[in-house]
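> Mind having a look at this structure? Questions to follow.
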Amino acid sequence: MIIGIVGKANTGKSTFFKAATLAEVEIGDRPFVTIKPNHGTGYVKVDCACVDFKVKCNPRVGFCLEGKRFVPVDLLDVAGLIPDAHKGAGLGNQFLDDLRQADVLVHIVDISGGTNIKGEKVDFFSHNPCKDVEFLEHEMNMWYFGIVKKGWGRFARMVKQEGLEIHKALAKQLSGLKVSDSDVKEGINDVGISEDPTHWGDEELLRLSIFLRRKTKPLIIAANKIDVEGSEQNLENLKKEFPDYLIIPCSAESELALREAAKHGLVDYVAGENGFDVNGELNEAQKKAIEKIKGVLDKWGNTGVQQVLNAAVFEFLNYLVVFPVANNRLSDSKGRILPDCILLEKGSTALDLAYKVHTDIGRNFIRAIDVRTKRVIGKEHELKAGDVVEIIS
């Protein structure tokens, strides 16, 4: 799975990306600081099974901190988009194409209103963040529309002449966008257009494109720079204007500062928590920064960065985590305790988990055991979030 980070320039996209990954990326107050997409590893946070079983876990990937398991996910930060990006403005086509493989998009919005529509710095509250949501959604929809419409007449005639099923044929055309035939079939029914593609004009294609974009590239809004005093009014306006969106207040700058401080041993901090402990003496500049961050946490409960990533994976993509083990001692063949914490789509079965661990384990699957209940479960048993499963093959 890939989480794409999008938005116009200067909203804090690269700061959000660096806070989530601690990757070395350039951060600056000018448009197009990011040109090539940045790839990195972020983490979703879940309760680790080590707490329930009172053991010390040994993660193979990711890590565990104070009973919280951090599971890796792929993040992609693309360059800032500007109006008419779908027409190529500001290298927009290139930047949009970078998003083809993303499963969900995090739209970083400058909730302080301190960045105009072109990504240029302006006075706080002089720009309406609602305009940014409208602009980005339009650019994404028109990007999909342009891809669907390209060569449409010839494609539609071929589908009809060869007697192909339109949903399968179009899904094959759009597979690079992660569009499935069931997505297309659902879209045709949802927007109420005929099964004969030769009858589809621009209006029908646009409606279908919008449906497919929302289905395959859903947007979650990170209302960034909430640490700017007075931004809460813009946040309320945004929520009122877009009630169907999940909007999470966010201070990527605060999260980055905390993670960097924790990395250097200045504070003890678990990502996404509502507090931290200071270690040793700080200089005056550090004290001032810490007080500002405490103000953010006191007011909003967290910085929002971890909450955005968790929402993207667990609410939008409907994944859950499962802990596979080789025996009732909770270890693998090398004796590592709870070594794996695997992300699976909701509805996944014990057999799906076995294949995820290793193809040979899936092929030779005999049965599984729910370690919490000691109950034997079959290959079709649907797993729940947090399950600890011993696989016998």
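> Inspect region 335-342 for any residue being small (Gly, Ala, Ser), without any contact (Cβ under 8 Å) to a residue 40 or more places away in the chain, farther than 26 Å from Leu75 by Cα and surrounded by 14 or more Cβ atoms within 10 Å (Cβ to Cβ) and give the result as yes or no. Talk me through it step by step, then tell me what you get.
Just the residues of region 335-342 that are small (Gly, Ala, Ser), to begin with: 335.
Right, trim to without any contact (Cβ under 8 Å) to a residue 40 or more places away in the chain and you get 335.
Retained after the next criterion (residues that are farther than 26 Å from Leu75 by Cα): 335.
Right, trim to surrounded by 14 or more Cβ atoms within 10 Å (Cβ to Cβ) and you get none.
Taking every residue of region 335-342 in turn, none turns out to be small (Gly, Ala, Ser), without any contact (Cβ under 8 Å) to a residue 40 or more places away in the chain, farther than 26 Å from Leu75 by Cα and surrounded by 14 or more Cβ atoms within 10 Å (Cβ to Cβ).
> Can you name the residue in region 355-385 that is aliphatic (A, V, I, L, M) and closer than 22 Å to Val44 by Cα and is also modelled with the lowest pLDDT among such residues?
We begin by selecting, within region 355-385, every residue aliphatic (A, V, I, L, M); these are 357, 361, 366, 368-369, 371, 376-377, 383, 385.
Among the residues that remain, those that are also closer than 22 Å to Val44 by Cα are: 357, 383, 385.
On the way: Val357: 94, Leu383: 98, Ala385: 97.
Here the residue is Val357.
> Within region 294-309, track down each residue that is in a helix (DSSP H, G or I) and among the polar types (S, T, N, Q). It would help to see each step written out before you state the result.
Initial filter on region 294-309 (in a helix (DSSP H, G or I)): 294-300, 305-309.
Those that are in a helix (DSSP H, G or I) and among the polar types (S, T, N, Q): Gln306, Gln307.
> Now for a separate question. Consider region 156-179. How many of its residues are in a helix (DSSP H, G or I) and more than 22 Å from Thr216 (Cα to Cα)? It would help to see each step written out before you state the result.
Just the residues of region 156-179 that are in a helix (DSSP H, G or I), to begin with: 156-161, 166-173, 175-177.
So of that shortlist, the ones also more than 22 Å from Thr216 (Cα to Cα) come out as 156-161.
Matching residues across region 156-179 total 6.
> Report yes if Glu284 is surrounded by fewer than 15 Cβ atoms within 10 Å (Cβ to Cβ) and either in contact with a Phe, Trp or Tyr (Cβ under 9 Å, 6 or more places away or on another chain) or at pLDDT below 95 (or both), otherwise no. Working first, answer last.
Details: surrounded by fewer than 15 Cβ atoms within 10 Å (Cβ to Cβ): yes; either in contact with a Phe, Trp or Tyr (Cβ under 9 Å, 6 or more places away or on another chain) or at pLDDT below 95 (or both): yes.
The answer is yes for Glu284.
> Still on this structure, please answer the following. Considering each of Asn274, Asn318 in turn, give the residue that is surrounded by fewer than 18 Cβ atoms within 10 Å (Cβ to Cβ), within 29 Å of Leu383 (Cβ to Cβ) and not acidic (Asp, Glu).
On the way: Asn274 fails: within 29 Å of Leu383 (Cβ to Cβ).
Answer to the selection: Asn318.
> Residues in region 333-358 that are closer than 14 Å to Val371 by Cα and out of contact with any Cys (no Cβ under 7 Å at 6 or more places or on another chain): how many? Talk me through it step by step, then tell me what you get.
Of region 333-358, the ones closer than 14 Å to Val371 by Cα are 337-338, 350.
From what's left, out of contact with any Cys (no Cβ under 7 Å at 6 or more places or on another chain): 350.
Number satisfying all stated conditions: 1.
> Read through the list (1) touching a strand residue (DSSP E or B) at 6+ places or on another chain (Cβ under 7 Å); (2) within 28 Å of Val106 (Cα to Cα); (3) surrounded by 14 or more Cβ atoms within 10 Å (Cβ to Cβ), then give the number of the only condition that Ala350 fails.
(2)
> Among the strands (runs of 3 or more DSSP E) contained in region 344-393, which hold 2 or more residues that are of a type outside the set (A, V, I, L, M)?
Values: elements: 367-370, 375-377, 388-392.
Fully inside region 344-393 and qualifying: 367-370.
> Okay, moving on. Suppose we filter Val357, Val321 for residues that are within 25 Å of Asp74 (Cα to Cα) and touching a residue at least 60 places away in the same chain (Cβ under 8 Å); which single one remains?
Working: Val357 fails: touching a residue at least 60 places away in the same chain (Cβ under 8 Å).
Step by step, each of Val357, Val321 is checked, and only Val321 is within 25 Å of Asp74 (Cα to Cα) and touching a residue at least 60 places away in the same chain (Cβ under 8 Å).
> Quick test of your reading of the structure: Val313 fulfils all but one of (1) surrounded by 19 or more Cβ atoms within 10 Å (Cβ to Cβ); (2) closer than 17 Å to Ala49 by Cα. Name the failing condition by number.
With respect to (1) surrounded by 19 or more Cβ atoms within 10 Å (Cβ to Cβ); (2) closer than 17 Å to Ala49 by Cα, Val313 is out only on (2).
> Right, something else. Within region 373-389, restricting attention to residues that are over 15 Å from Val321 (Cα atoms) and of a type in the set (Lys, Arg), which residue is nearest to the chain's Cα centre (by Cα)?
It comes out as Lys379.
The values are calculated or read from the model by the stated rules, or taken from the named source; none is laboratory data. Please read these numbers as outputs of a predicted model, since none were measured by experiment. Reconstructed Cβ throughout: ideal geometry from the backbone, glycine too, with neighbour counts over all protein chains shown.
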